[in-house]
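Shown next, in structure tokens, is the structure this report addresses.
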Amino acid sequence: MFEGLSDRLGGVLDKLRKRGALKESDVKEAMREVRVALLEADVALPVVKTFISNATERAVGADVLRSVTPGQMVVKIVHDELKNMLGEGEEINLASTPPVPILMVGLQGSGKTTSSAKIALNLTKKRNKKVLLASLDIYRPAAQQQLKVLADDNGLGILPIVMGEKPVSIAKRAMDTGRKEGYDAVILDTAGRLHIDMELMSEVAQIRDAVNPVETLLVTDAMTGQDSVNVAKEFADKVGITGIVLTRVDGDARGGAALSMRQITGCPIKMIGIGEKIDEMEAFHPDRIANRILG
Ligand code: GDP
């Protein structure tokens, strides 16, 4: 991920680093190249514009241009702005009376069910929590079974399936079970659809109102680039989300979704999926990503 962007930016910034004195026109020329590199990485246009305008404003400042190492200072400014664009690294919030309800939402095929199990495993292993999984997807044949298999294979708690039960009732039963059996968190895997529609949004809203989630995590596929950013914006506006789980980051060569998500939705990326296996999920670290991009 980010290889192309990293190569392009590395080239632009190396040129700057090597130069002694810099003129305002040198910085502007470099920023034009940075702009093209970001657009080629599929970063959303408004995000690119903000980035370039902030970085240019800081970099053509008299202090920078008159400093002993202007090139290096410009490189640092680009690094800072990249971090700014990615936001703070925020972990899944469990600071509430247990069991903490975590609602997983997103389109069908985004990786929601897999991510629910991955997060349960991550919270169990990395944060020593007892987590209950529950599938609220009564529409897709075998969806409930899919989550049960993932849970059973990995020793995770799973709410028993009751055929014919409606999503809101399942959600309430999951919370009751969580309370009675001393779970720290309950992860509710909701149904997805192929496209955003009113029915999907209103069902998610009903479940949300029934359990009052501490986290509503949108699962979205990084490979779909700008589309995933648009989906995230819709969910953020219509149902309200607290964080994003970006999946298939392992196949996303350009990185545009990861780079745009924070600014377009106002929500942090909390976890990233980096493969199909259950342990292939990790926390999102903006600092590490900025370092990886700038080398
Ligand atoms: P859902 O319909 O949103 O519940 O999607 P699923 O959880 O069933 O995932 C759909 C497919 O994407 C499955 O084959 C998963 O193994 C795969 N998948 C999910 N997350 C990742 C990821 O981070 N990387 C890769 N390579 N595949 C993933």
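Can you tell me which condition Lys15 does not meet? The list is (1) touching an Asp or Glu at 6+ places or on another chain (Cβ under 8 Å); (2) more than 25 Å from Met261 (Cα to Cα), and all the others hold.
Unmet condition: (1).
Can you pull out every residue in region 221-233 that is among the acidic types (Asp, Glu) and modelled with pLDDT of 90 or more?
Asp221
Taking region 43-88 as the region of interest, how many residues are open to solvent by 50 Å² or more (accessible area, probe 1.4 Å), of a type outside the set (S, T, N, Q) and either closer than 18 Å to Val229 by Cα or in contact (Cβ under 8 Å) with a residue 12 or more places away in the chain (or both)?
Selection size over region 43-88: 7.
Of the numbered conditions (1) within 24 Å of the chain's Cα centre (by Cα); (2) more than 16 Å from the ligand (Cβ to nearest atom); (3) at pLDDT 95 or above, Met198 satisfies every one except a single condition; which is it?
For Met198, the exception is condition (3).
Scan region 143-167 and report the pairs whose first residue is under 13 Å from Ile187 (Cα atoms) and whose second residue is charged (D, E, K, R), with Cβ atoms within less than 6 Å and a gap of 6+ or a chain change.
Taking only residues 6 or more apart or on different chains, the pairs are Leu147/Asp189; Ile158/Lys148.
Any idea which residue in region 92-110 is surrounded by the most Cβ atoms within 10 Å (Cβ to Cβ), counting only those that are of a type outside the set (A, V, I, L, M) and within 16 Å of the ligand (Cβ to nearest atom)?
Per the criteria, the residue is Gly106.
Of everything in region 250-269, what is open to solvent by 10 Å² or more (accessible area, probe 1.4 Å) and within 15 Å of the ligand (Cβ to nearest atom)? Give them in sequence order.
Asp250, Gly251, Asp252, Ala253 - these are the residues of region 250-269 that are open to solvent by 10 Å² or more (accessible area, probe 1.4 Å) and within 15 Å of the ligand (Cβ to nearest atom).
Looking at region 156-170, can you tell me whether even one residue there is open to solvent by 20 Å² or more (accessible area, probe 1.4 Å), more than 11 Å from the ligand (Cβ to nearest atom) and either of a type in the set (Lys, Arg) or touching a Leu at 6+ places or on another chain (Cβ under 7 Å) (or both)?
Yes, region 156-170 contains a residue that is open to solvent by 20 Å² or more (accessible area, probe 1.4 Å), more than 11 Å from the ligand (Cβ to nearest atom) and either of a type in the set (Lys, Arg) or touching a Leu at 6+ places or on another chain (Cβ under 7 Å) (or both).
Could you list, ordered by first residue, the pairs with Cβ atoms under 7 Å in which the first is in region 111-132 and touching a residue at least 60 places away in the same chain (Cβ under 8 Å) and away from the ligand (no atom under 11 Å from the Cβ) and the second is open to solvent by 30 Å² or more (accessible area, probe 1.4 Å) and not in a helix (DSSP H, G or I), at least 6 apart or interchain?
Pairs that qualify, where the first residue is touching a residue at least 60 places away in the same chain (Cβ under 8 Å) and away from the ligand (no atom under 11 Å from the Cβ) and the partner is open to solvent by 30 Å² or more (accessible area, probe 1.4 Å) and not in a helix (DSSP H, G or I), are Leu121/Asn154; Leu121/Ile278; Leu121/Asp279; Leu123/Lys129.
Please work out which residue is most open to solvent (accessible area, probe 1.4 Å), limiting yourself to region 275-288 and to residues that are modelled with pLDDT of 95 or more and assigned to a loop (DSSP other than H, G, I, E, B).
Glu276
The values are calculated or read from the model by the stated rules, or taken from the named source; none is laboratory data. What you are looking at is a predicted structure, and each value in this text was computed from that prediction instead of being measured. Cβ atoms come from the backbone with ideal geometry, glycine included; neighbour counts cover every protein chain shown. We work out accessible area using only protein heavy atoms, side chains counted, and drop any ligands, DNA or RNA first. Shrake-Rupley method; radii C 1.70, N 1.55, O 1.52, S 1.80 Å.
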